[in-house]
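One structure is given here, and the rest of the page talks about it.
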Amino acid sequence: MPPPQPAPRVRSLHIVQPWGRFAAAPPGEAERDVPVTERAARRDRGVGSAWRPDRAPGAGAIPWHARQMSLARDSYLVGRAVARVLADSTRTHEIHRVEEITGRPRYRALLAELAGDVEGRRLLAARPELSSEHVDFDALRRLPATTLGGAYARHLDDNGITADYQAAATRHVEDADMAYLMRRFRQTHDVWHALLGLGIAGHEEVVIHAFSWGQLRLPVSAMVVGFGTLKHLVLERRWGALRHSLREAYQVGRDAAPLLGVVWEEQWADPLDQVRARYRVKPLERRWLA
């Protein structure tokens, strides 16, 4: 009896791709040097040109029950935070909790947008922080009130608030880039107050979140506008803000240049009106906010 013949092999032409020697082979190319019988066995095991590591057992996929438990926990925390804020609108840390839990997908998209923008890449590379550790607020107070820095410092002082509270670390986000971007949004929130000429009363916070929704489409802003409108505009009978300011703030935010990637620290001494014009931000009409 003649000895068994080895399985036939199908040879491929090894072409050096112009984009590098480590580029992935075309579909099926990596399989062509494998004996036919071995290829059949691989297909039986789910291995071959269609195989993907993320589909393999134990490849880091989160078990279904763990995902459900995490979703249930997040839903409970968001619901509890909303109830607490409805009872006391000054519980800013609960608003931060809602922002972190509900905003992860949107912040992931915002990170990608910033990475494609020159100013956004500068921000992500330098990672400036608006806190007393990094900003000389006494120097800002010496600036005229008509400058960006002077207006921002006076907004903080007049309302008895500090930038340090908004610089607190995130508690529900592990990704370092996403955590920084969330923190940066919080820190520059009061810069946006100065740009729009808004205080920090409950109805004014609702209005600035309408502006934020026009800018960023963050779920937390939609929730603040939804629940806050009922509490601070309807129940407080602020009909002017309800009929005019909400729509005005949203339209200003929508039509303004993207603000999340702006390095405000480089513009403190610039006239406030000039900064507003640069980014197409119009201060809101005060008559509807009284």
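The values are calculated or read from the model by the stated rules, or taken from the named source; none is laboratory data. Keep in mind it's a predicted model, so treat the numbers as computed, not measured. All Cβ positions, glycine included, derive from the backbone under ideal geometry; neighbour counts span all protein chains shown. Heads up: the accessible areas ignore ligands, DNA and RNA and are worked out on the full protein's heavy atoms, side chains in. Shrake-Rupley method; radii C 1.70, N 1.55, O 1.52, S 1.80 Å.
Given the residues VAL220, VAL206, VAL191, which is the only one that is touching a residue at least 24 places away in the same chain (Cβ under 8 Å), closer than 26 Å to ALA269 by Cβ and open to solvent by less than 10 Å² (accessible area, probe 1.4 Å)?
VAL191
(1) open to solvent by less than 70 Å² (accessible area, probe 1.4 Å); (2) modelled with pLDDT of 80 or more; (3) under 24 Å from the mean Cα position of the chain (by Cα); (4) closer than 23 Å to TYR279 by Cβ: which one isn't true of ALA126, the others all being true?
Tallying (1) open to solvent by less than 70 Å² (accessible area, probe 1.4 Å); (2) modelled with pLDDT of 80 or more; (3) under 24 Å from the mean Cα position of the chain (by Cα); (4) closer than 23 Å to TYR279 by Cβ, ALA126 fails exactly one: (1).
Are there any pairs with C-beta distances below 6 angstrom linking a residue in region 89-118 that is free of Cβ contacts under 8 Å to residues at least 60 places away in the same chain to a residue that is surrounded by 14 or more Cβ atoms within 10 Å (Cβ to Cβ), with the two at least 6 apart or on different chains, and if so which?
Listed pairs, sorted by first residue: ARG91/ARG84; ARG91/VAL85; GLU94/ALA81; GLU94/ARG84; GLU94/VAL85.
Look at GLU236 and say whether it is closer than 23 Å to ALA201 by Cα and either hydrophobic (A, V, I, L, M, F, W, C) or open to solvent by 20 Å² or more (accessible area, probe 1.4 Å) (or both). So that I can check it myself, show each step before the final result.
Values: closer than 23 Å to ALA201 by Cα: yes; either hydrophobic (A, V, I, L, M, F, W, C) or open to solvent by 20 Å² or more (accessible area, probe 1.4 Å) (or both): yes.
It is true that GLU236 is closer than 23 Å to ALA201 by Cα and either hydrophobic (A, V, I, L, M, F, W, C) or open to solvent by 20 Å² or more (accessible area, probe 1.4 Å) (or both).
Report the residue count in region 259-287 for those that are within 26 Å of HIS203 (Cβ to Cβ), surrounded by fewer than 18 Cβ atoms within 10 Å (Cβ to Cβ) and not basic (Lys, Arg).
Within region 259-287, residues that are within 26 Å of HIS203 (Cβ to Cβ), surrounded by fewer than 18 Cβ atoms within 10 Å (Cβ to Cβ) and not basic (Lys, Arg) number 4.
Which of the following residues is at pLDDT 95 or above, within 20 Å of THR147 (Cβ to Cβ) and in contact with a helix residue (DSSP H, G or I) (Cβ under 8 Å, 6 or more places away or on another chain): ALA277, ALA249, ALA269, ALA210?
Exactly one residue qualifies, and that residue is ALA269.
Please work out which one of (1) out of contact with any helix residue (DSSP H, G or I) (no Cβ under 8 Å at 6 or more places or on another chain); (2) at pLDDT 90 or above; (3) not charged (D, E, K, R) is the condition ALA66 fails and give its number.
Of (1) out of contact with any helix residue (DSSP H, G or I) (no Cβ under 8 Å at 6 or more places or on another chain); (2) at pLDDT 90 or above; (3) not charged (D, E, K, R), only one is false for ALA66: (2).
Being over 12 Å from MET182 (Cβ atoms) and part of a helix (DSSP H, G or I) is the filter here; which residues of region 96-119 pass it? I'd like the intermediate steps shown before the answer.
At the first step, the residues of region 96-119 found to be over 12 Å from MET182 (Cβ atoms) are 105, 109, 112-119.
Answer for region 96-119, where residues must be over 12 Å from MET182 (Cβ atoms) and part of a helix (DSSP H, G or I): PRO105, ALA109, ALA112, GLU113, LEU114, ALA115, VAL118, GLU119.
What is the residue count in region 148-190 for residues that are out of contact with any helix residue (DSSP H, G or I) (no Cβ under 8 Å at 6 or more places or on another chain) and under 23 Å from ASP136 (Cβ atoms)?
Final tally of qualifying residues: 4.
Could you check, for region 160-178, whether at least one of its residues is over 19 Å from the mean Cα position of the chain (by Cα) and at positive phi?
Looking for residues that are over 19 Å from the mean Cα position of the chain (by Cα) and at positive phi, one finds at least one in region 160-178, hence yes.
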